[in-house]
Amino acid sequence: MLNLIPMIVLATVPPSIPIDSVFAHLPEMHAMRLAAPVVIDGGLAEPVWQKAVPVTNFVQRDPEQGASPSQKTEVRIAYDDKAIYIGARMWDTAPDSLLARLARRDVHVPADRFSVFLDPFHDGRNGYYFEINAAGTLYDGTLFNNEWDDGSWDGVWQGKAVVDRQGWTAEMRIPFSQLRFHRQERYLWGANFRRDIPRHNETDWVVFVPKNESGFVSRFPSLVGIESVNPGRFLEVLPYVTSRVEYVPASPGDPFNDGSRIKSQAGGDLRTSLGSNLTLNATVNPDFGQVEVDPAVVNLSDTETFFDEKRPFFVEGNTIYNFGNQGANNYSNFNWWDPKFFYTRRIGRTPQGSPPPADFVDAPAGTSILAAAKITGSVLGGWNIGTLHALTAKEAATYSSGGVRGTAEIEPATYYGVARALRGFHGDRQGLGFMGTLAARQFDDPALRDQLSHTSFLGGVDGWTSLDHDKTWVLSGWSAFSNVRGTAARLLDLQQNSLHYFQRPDSRYLTVDSAATSLTGLGTRLWLNKQSGRIISNSAIGFMSPRLDLQDMGFQGMSNVLNLHTLLGYKWTENGRFKKYSDLSGAIFSSMNYDRDRTQLGLYVSSFTEFRNAYSWEKYLFVTPENTSDRQTRGGPLMKRPGGATLGTYFDTDGNKKLFYFVSASVGGDQAGSRDWSVNPGFEWKPGSSVLLRMGPNVSRGITDAQYVGQYVDPLATATSGKRYVFAEIDQTTVSADITLNWSFTPALSLQMFAQPLIASGKYTEFKELSRPNSYEFLVYGQDGSTFDPASGIADPDGAGPAPPIAIGSRDFNFLSLRGNAVLRWEYRPGSTLFLVWTQTRQDTEPSGDFDLNHSTRQLTQLDASNIFLIKATWYLGL
């Protein structure tokens, strides 16, 4: 029944009304048609910048909401058949105090900045932003959900800035081909402008969002005057060539790796209009190698590590696929891992199959993507749509054993597809959306049929509805179902993996079906959110059935859960003697599984304060009583989780200053004696106008009383259904750092360097087994008649008794990793870029659990390094 609630609510959506009435009370802006060309040099010398009607009605949002700006700003708008032009004069009574800092494109640094916001569809919900700082660095992105922004989109446009004795000026040329809008004789857009003056911590807007209210794009004034513009169909082609040299340490006798490898590749991307409302992006033989590296992690849990997408084709315009979180401005969750319904890193992932055991194996690091295409835009009177399709190649590994070689398929040819539609109604007071995904595989090797699913499908509906005229209260949510099909062997494995654990012996709801060839599951989440006002309120209820499985196309961290929370708080937005803003909130949350076992109950309290000097301080506290865990034994019986608490804080200084520093810290523990702490200090130093160094070391220590080790079959373990579930105390120490250096030579030429050293040790002691289900009682090996040999790692649960010994072995580890890269990026013409990339990795694991920073640091510097050198050139052709 819960799964039908959003559909019933959204079915009551009334007919849409023109968004024009929402903007009627706002001042209009006027664009002037150009009579002569404009040279984008930042100088504002052309006559149009004296003739066009200026926009001057800026007002402060910070530091004094509603006050007059400290400096005057004038903005003029012009257009021709191909582009819209913006000319801005930022007057300044102290031009020598301007912050003009260079940075790589889209890398935000404290600087005087001017921003343009456009809503070409005039739907009050979506749009674009374009920014330039006083040094000429460009920024751009998209706007969605009325309040949110996404900086991943990179348009092809021009912008220049000039600093003079009166302040600074900026010119922009934004081609119509980079924007989507409905073709008309006379255009009505939404537009807004912002100016940042960092030395005063000041932001000035034409129209801003008051601190106690919500809604951004819907507040934009109307932009009028653009007429008789027919940009026509555009076609952009971006061919590329790349050359990659790898130097990888080779093992003696490895026939596949002599220590070096050279690879060259060519391909291209295409972008074209499908009418005035839709855009097609396609790529052939794409280069989807990441320029940025993923961080190293030590994951001892049963949940997959989530990594962000960094490949431009999948990142740009990805917000249309943001399913389930639309319409409200707060989607808080507690002990609920909201699924990512379309996780693009599934496409081109590391091959999932395994070759036979062999002396040497040569396998690709990622699956080749043969081609991909996506269409985005607006159709049928306001439906925003997005659809993406990709085809990946069949991949094989070559192996060698005893000098005999063979090949084995490790990834079948696969189709990935997603379709999404979303529309707001009645001035965005209601909304309705749909989403579907499909992964389908073609198997040539029968062995892979039992390792991977044949097809995976997701279908879902999401949306929102305002419960009052002022849109103060919003009910939003999603409902979805999944269906996975494959062989009986594949589905048997799927039912018992870490997402499902159908094999749990004491579950009253779950059963393993060894003959099943499909798995269908459901999920729903509803939020009730207060959008504006001093009182903060957010509540949610949801479930994910045990059979819900989105892993082929999405990212899902849990199933078999019913969860709810309610959060209340209060915020103070008036400037005080020391503070500018503060809030206080608290929440209570609870979860249970489908057996009605309470898996979580907790209390959360947090406070945040922003001071008038731009410092900020956050504090939080989590408290949980004893709960029941249905995952701790990883498919075994229930186990109690001791009650505990975690206290944390974060503090930072004024990010506009030359030296910005921050620190976060936390400490926690539970009733069983587990305890942990972490501290993460850091700083950001800007020694000059074009250099930024950021360093953030992290030190953490945790002692876990019952870390899962493994499960061992023993028919004599009748209390725990014929298996012994072994745990241990682990003392884990981690030291790492994130070091970033950005050096910009010009707005188009920059160098970025990143390094992440990581040392993590774990020492296991006090091995023990769970004595009985649904308890936190253990038989510690070496006590109560059991034995344990630390040298061999062999435990005997009953000493001389009939129970077989357990070969646990040594679990201690000392993991060493150093990852880093350097990227020289040169945008030698608009849209055309040259990359020079160097990536180095060093990694090793030692069988010692003692943390020794000096020893580990020496070992890390002496490890053989893998080095990759890459050169990539793209050439933008606008046809």
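For this structure, a couple of remarks:
- Label point of residue 503 set 7 angstrom out along Cα-Cβ; within the stretch 513-536, amide nitrogens under 17 Å from it belong to 513-516.
- Segment residue 45-residue 765, extension gain: residue separation times 0.36 nm, minus the distance between their alpha carbons: 251.7 nm
- Taking GluC sites (Glu not before Pro) across the stretch 157-211, the ones in a DSSP loop with at most 14 further Cβ atoms lying within 10 angstrom of their Cβ are 185.
- In the full protein context, the chain carries 42 Å² of accessible surface per residue, based on a 1.4 Å probe and ignoring ligands, DNA and RNA.
- Estimated FRET transfer efficiency when R0 is 22 angstrom, pair residue 774-residue 671 (beta carbons, to 0.05): 0.85
- Residue separation of residue 835 and residue 93 scaled by 0.36 nm, minus their Cα-Cα distance, works out to 263.1 nm of gained length.
- Contour minus Cα-Cα distance for residue 753 and residue 245 (0.36 nm per residue): 181.0 nm
- With Rh defined as the Kirkwood radius, the inverse of the mean 1/r over Cα pairs, the Rg/Rh of the stretch 730-842 is 1.37.
- The value obtained for the stretch 314-365, namely the Cα convex hull volume divided by the number of residues, is 130 Å³ per residue.
- Between the beta carbons of residue 162 and residue 522, assuming R0 = 41 Å, the FRET efficiency works out to 0.10 to the nearest 0.05.
- Charge context of residue 569, other residues only, Cβ under 11 angstrom, K/R +1, D/E -1: +2
- Carbon/sulfur fraction of accessible area - the stretch 282-383, other protein chains in place, 1.4 Å, %: 53
- Mean projected area in nm² (Cα convex hull; one quarter of hull surface) for the chain: 37.8
- Calculated diffusion of the stretch 377-444, Stokes-Einstein form, Kirkwood radius summed over Cα pairs, 10 °C and 1.306 mPa s, µm²/s: 103
- Computed accessible area, residue 684, all protein chains, 1.4 angstrom probe, square angstrom: 30
- Across the chain, the longest piece that holds none of the chymotrypsin sites (Phe, Trp or Tyr not before Pro) lying in DSSP loops with up to 12 other C-beta atoms within 10 Å covers 1-305.
- 506, 595, reordered so the largest accessible area comes first (probe 1.4 Å): 506, 595
- With the simple model of a label 7 Å out from the Cα in the direction of the Cβ, residue 584 to residue 863 spans 4.8 nm.
- Of 108, 200, the order by accessible heavy-atom surface (1.4 Å probe, DNA, RNA and ligands excluded), from most exposed downward, is 108, 200.
- Spin-label pair residue 302/residue 147, simplified geometry with 7 Å Cα→Cβ offset, distance in nm: 3.7
- Degrees between helix 853-862 axis and first principal axis of the chain (Cα, 0 to 90, nearest 10): 70
- Part-to-part distance (alpha-carbon centres) for the stretch 331-404 and the stretch 240-266, which is given in Å: 23
- Förster radius 56 Å - calculated FRET efficiency between residue 575 and residue 405 (Cβ-Cβ, nearest 0.05): 0.15
- Projected label distance in nm at residue 70 and residue 852, using a 7 Å step from Cα toward the beta-carbon: 5.6
- Just so you know, the Rg over Rh for the stretch 598-647 is 1.27, from Cα atoms, with Rh as the Kirkwood radius.
- The sum of -39500 (n - 2.57) across all DSSP H runs of n ≥ 4, divided by the residue count of the chain, sets its helix-only mean residue ellipticity at 222 nm to -1000 deg cm²/dmol.
- Set of lysines near residue 686 by C-alpha distance (under 27 Å), chain-local residues within fewer than 8 positions excluded: 160, 310, 579, 580, 657, 658
- Whether the stretch 161-215 is rounded, prolate or oblate, judged on the alpha carbon gyration tensor where a/c under 1.5 counts as rounded: oblate
The values are calculated or read from the model by the stated rules, or taken from the named source; none is laboratory data. Quantities reported herein were computed from a predicted structural model and do not represent experimental measurements. Because the Cβ atoms are built from the backbone with ideal geometry, glycine has one as well, and the counts that use them run over all protein chains shown. Side chains included, ligands, DNA and RNA excluded: accessible areas come from the protein's heavy atoms. Shrake-Rupley method; radii C 1.70, N 1.55, O 1.52, S 1.80 Å.
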